[in-house]
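Notes follow once the structure below has been shown.
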Amino acid sequence: MKKIFALLLAMCMVLSLAACAAKTDAPATAATEKPTETEASTATEAPTEAKDVTLTVWGPSEDQANENSFLQVACAKFNEAHPEWNITFNFGVCSEGDAGNNVTQDPSAAADVYMFANDQLGRLIQANAIAKLGGDVLAEVKASNSEAIVKSVSDADGNVYGIPFTGNTWFMYYNKSVFTEEDIKSLDAMMEKAVVAFPVTNTWYLPSFYFAVGGTMFGDGTDGSAGITFGGEQGAKATTYVANALASGKLIDDANGAGMDGLRNGTVGALFSGTWDAKNVAEALGENYGAAQLPCITIDGEQLQLKSFSGTKALGVNPNCKEMKVAYALAAWLASPEMQQLHYDLRDGSVVPCNAALLATDAFSSNPAALAQDATIANTSVLQPSIPEMGAYWSNAESMGKGLANNEITAENALEKTDLWNAAINNTGL
């Protein structure tokens, strides 16, 4: 009896091993076979639990003033669109222009996703406080923006770091009852008809005259060793032009709201600003509201093109973030066409989209400020350098503008003052 039992047991073991071997050797296609109705029902009834995630997001105060502000609304929509994540958002106030200071103080403690102006990019890269883009996010940035917009958030090697959501430059607003479309091509022609306000003492605007005479900043904007070439005889011609225009009274320094006040009361025919002033200008001028790219100036009988700084405001991702996948997805969402439209709507038209397809829609193709910004970036601007050497420019340029506005710098001392200024803005200490 024991022998029979032992024989049966041995046969069972052999059959069991054979069954295991058959299961192991099953072709891979077996995994794709249709599950039974019971199996399918069980899979449907067991949803994946949402992952809890906490993200810190920094942006300007205007975008998070209350629950109906851009960041609160856009982030809530993002949460709804991604049931796989249960996200808690912590918002902090940091303007785009302050990102270079605030994020780099301690990148490990800074926001996971933040807004920044492209001129801050050099400092952010240097501090390892911003992550490079890749994959689908990078492909979308390149596909939906102009080359100039993409370049604004790229380094000298072509690596892209930010997801742009608006252009950032200044252009010209003017009274259409005073100037014709031919007039606005020439600042000299305009000054023959009316007073023009220009922010001479604002260091973001002053370089336009020096770009017009051929001056450069760090070569193509990325070569720190090339320096700034605003001096010499050519630079002095730009200084002389501004000094003479101010002395004539036809050009005034747009400080403390002088330009906007002048538009309202009719004593000023044009001023230079950006999309943030579009609503105020439209209210001041009504049906005479006009906006355009920058005009030319005449020096030695030659028409020379004024050029503004241009760039973008963008979303950046902190490489120290613990949830990089979620952070990249959020940054891409906040800069998506739908959210650019929302941003524009919630900020009363002051944050104009940079997405090429969105700008081509009827809503923006008939918007004077949107058209002027787009044309300026494309035709009459210089990409604002973001390299660290730019620091010496900002800290030394204000005195030049004040000297011109106060008539301390004149045609007589233009060469001397211009060369002193050019030496100061090249004293980077780097």
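Below, the figures for the structure above:
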quantity: Near pairs, Cβ below 7 angstrom, 6+ apart or cross-chain, from the range 315-333 (under 11 Å from ALA111 (Cβ atoms)) to any residue that is of a type in the set (S, T, N, Q); calculated: ASN320/SER108
quantity: Helices (runs of 4 or more DSSP H) lying entirely in the range 356-430 (those with 3 or more residues that are surrounded by 15 or more Cβ atoms within 10 Å (Cβ to Cβ), within 20 Å of the chain's Cα centre (by Cα) and at pLDDT 95 or above); calculated: 368-379
quantity: Identity of the residue in the range 158-204, crowded, with 24+ Cβ neighbours inside 10 Å and small (Gly, Ala, Ser), that ends up nearest to the chain's Cα centre (by Cα); calculated: GLY167
quantity: Members of the range 261-307 found to be touching a residue at least 24 places away in the same chain (Cβ under 8 Å), surrounded by fewer than 15 Cβ atoms within 10 Å (Cβ to Cβ), charged (D, E, K, R) and under 23 Å from THR240 (Cα atoms), listed by number; calculated: ASP300
quantity: Segments classed as strands (runs of 3 or more DSSP E), wholly inside the range 181-289, with at least 1 members that are β-branched (Val, Ile, Thr); calculated: 196-198, 251-253
quantity: Qualifying residue in the range 266-279 (condition: of a type in the set (A, V, I, L, M) and more than 21 Å from VAL351 (Cβ to Cβ)); calculated: yes
quantity: Matching residues, the range 290-304, being more than 17 Å from VAL200 (Cα to Cα) and either of a type outside the set (Gly, Ala, Ser) or part of a strand (DSSP E or B) (or both); calculated: GLY290, ALA291, ALA292, GLN293, THR298, ILE299, ASP300, GLU302, GLN303, LEU304
quantity: Residue list for the range 342-353, filter: within 12 Å of VAL73 (Cβ to Cβ) and without any contact (Cβ under 8 Å) to a residue 60 or more places away in the chain; calculated: ASP345
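One line per residue, one yes/no per condition, for (1) in contact with a Pro (Cβ under 7 Å, 6 or more places away or on another chain); (2) touching a residue at least 24 places away in the same chain (Cβ under 8 Å); (3) of a type in the set (Ser, Thr, Tyr):
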| site | (1), (2), (3) |
| --- | --- |
| VAL153 | yes, yes, no |
| GLY162 | no, yes, no |
| TRP170 | no, yes, no |
| ASP183 | no, no, no |
| PHE198 | no, yes, no |
| SER208 | no, yes, yes |
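The values are calculated or read from the model by the stated rules, or taken from the named source; none is laboratory data. The model shown is predicted, which means the values in this text are computed figures rather than measured ones. Every residue, glycine among them, receives a Cβ derived from its backbone with ideal geometry; neighbour counts consider all protein chains shown.
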